[in-house]
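The values are calculated or read from the model by the stated rules, or taken from the named source; none is laboratory data. All values derive from a computational prediction rather than experimental measurement. In this analysis, Cβ positions are derived from the backbone assuming ideal geometry, glycine residues included, and neighbour counts consider all displayed protein chains.
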Amino acid sequence: MEETIPSSPAPWVRTIGRLSYRFRQHLQIVLLAVCLLLARPLGSERAEDLLILTSGLLVIAGGSLRSWAMGYHTWRRQHGGRPERTLVTAGPYAHTRNPLYLGSFLIGCGLAAMSGWLSVFVGFAALFVASHYCIIRWEEGRLAEEFGAGFHRYAAEVPRLFPGLRSSAERTGSFSFPIMMRCLEPLKTLGALLVILLMAYFRSRGWSLAA
């Protein structure tokens, strides 16, 4: 998903991007349902403990990244006038142009891994990358229209999704703890961890449609 300077996306990419953005939350809901219904024990206590640990760490990493990124969305106000939007290039945005989507990907990978099925994990990862590629390309077109040359300079410095050696030279934006809490990201992360524990309980009881 990496590209130096975004080109104008094809019309079909924009269309799929808009639809994928509208229904992006449904992907997580379907993933939760599949994992809860099909979670299977691995047959080894050590393997089970390792899987729970790995899944939990992925969720924590993804949730922490999302919380960090949301703290920079200072135009998100529930009351009063909204400040003018600016192109945020500080914090996690200095290393990836889409830290929220990367965080969601890590959380989803943690939940998918907890199912115990490689096919569920691979299927989720493939669907997420395909749908969010179109979402990101659609959003890049909007950002290019809104911020012009500033966005193109930023895109030339910072990878699209997965962090690399490049980072933003000009850091714009400041972190706000109240904004982060208003977006409830820490609670969402806690909820995902509780799902991990619930899945672990289901597995220990052998409650699975795949059993």
Counting just the residues of the stretch 160-182 that are among the hydrophobic types (A, V, I, L, M, F, W, C) and under 24 Å from VAL129 (Cα atoms), which one comes out surrounded by the most Cβ atoms within 10 Å (Cβ to Cβ)? LEU161
Which numbered condition PHE128 fails, given (1) part of a loop (DSSP other than H, G, I, E, B); (2) buried (at least 20 other Cβ atoms within 10 Å of the Cβ): (1)
GLU185: modelled with pLDDT of 90 or more, under 15 Å from the mean Cα position of the chain (by Cα) and of a type in the set (Asp, Glu), yes or no? yes
Residue count, the stretch 17-64, condition closer than 25 Å to ILE135 by Cα and among the polar types (S, T, N, Q), comes to 4
Residues in the stretch 8-29 that are surrounded by fewer than 16 Cβ atoms within 10 Å (Cβ to Cβ), closer than 19 Å to PHE105 by Cα and touching a residue at least 12 places away in the same chain (Cβ under 8 Å) total 2
For the stretch 56-71, indicate whether the set of residues that are part of a loop (DSSP other than H, G, I, E, B), touching a Ser or Thr at 6+ places or on another chain (Cβ under 9 Å), under 30 Å from GLU157 (Cβ atoms) and at pLDDT 80 or above is non-empty. yes
Does at least one position in the stretch 132-147 carry a residue that is part of a loop (DSSP other than H, G, I, E, B) and closer than 16 Å to SER20 by Cα? no
Among the residues in the stretch 101-120, are any at pLDDT below 90, surrounded by 19 or more Cβ atoms within 10 Å (Cβ to Cβ) and not in a helix (DSSP H, G or I)? yes
Identify all residues within the stretch 41-52 that are farther than 19 Å from GLY191 by Cβ and either at pLDDT 90 or above or surrounded by fewer than 17 Cβ atoms within 10 Å (Cβ to Cβ) (or both); write none if there are none. LEU42, GLY43, SER44, GLU45, ARG46, ALA47, GLU48, ASP49, LEU50, LEU51
If you go through the stretch 41-55, how many residues are assigned to a helix (DSSP H, G or I) and not β-branched (Val, Ile, Thr)? 9
For the stretch 148-182, give me each residue that is over 20 Å from the mean Cα position of the chain (by Cα), assigned to a helix (DSSP H, G or I) and in contact (Cβ under 8 Å) with a residue 40 or more places away in the chain. GLY150, PHE151, HIS152, TYR154, ALA156
Scanning for something under 29 Å from PRO11 (Cβ atoms) and within 13 Å of the chain's Cα centre (by Cα), does the stretch 74-96 turn up at least one residue? yes
